[in-house]
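Scroll down for the structure; my scribbles are underneath it.
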């Protein structure tokens, strides 16, 4: 997982309070994810995004792959997220493979940027 950017400047104490509040809220919210029903591919992909935001990259990847086992309108967005997740773990090969599978012209340019960023 990426490290948080450094806090600083004249608002350092405020930033630290906000970061502490966010971490506290995340700790309270995360257990609810396990109880979330994901019955559709779109819901599985969304749940994957939630797990990724909590740093649970392996769980997120599994949910993205499960979602992509079916056809749905937002599949390319899920492929993009599936490509971003391995980058958080430093797995550029898996990231590149997933990112290269993005076909939507509106998202493929962004996928290519993520490929470059992963190198």
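Values quoted throughout were computed directly from the atomic coordinates according to the rules given, and no laboratory measurement underlies them. All values reported here derive from a predicted model rather than from experimental measurement.
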>> For the chain, take the longest principal axis of its alpha carbons; what is the angle in degrees between that and the long axis of helix 12-33, to the nearest 10 within 0 to 90?
In response: 50
> Dimensions of the stretch 23-80 along principal axes (Cα, Å, largest first)?
Replying inline: 36, 20, 16
> Just the projected area, averaged over all directions, of the convex hull on the alpha carbon atoms of the stretch 2-119: how many nm²?
Replying inline: 8.5
> Once Rh for the stretch 75-119 is found with the Kirkwood sum over Cα pairs, what is the Stokes-Einstein diffusion coefficient at 10 °C and 1.306 mPa s, in µm²/s?
Replying inline: 163
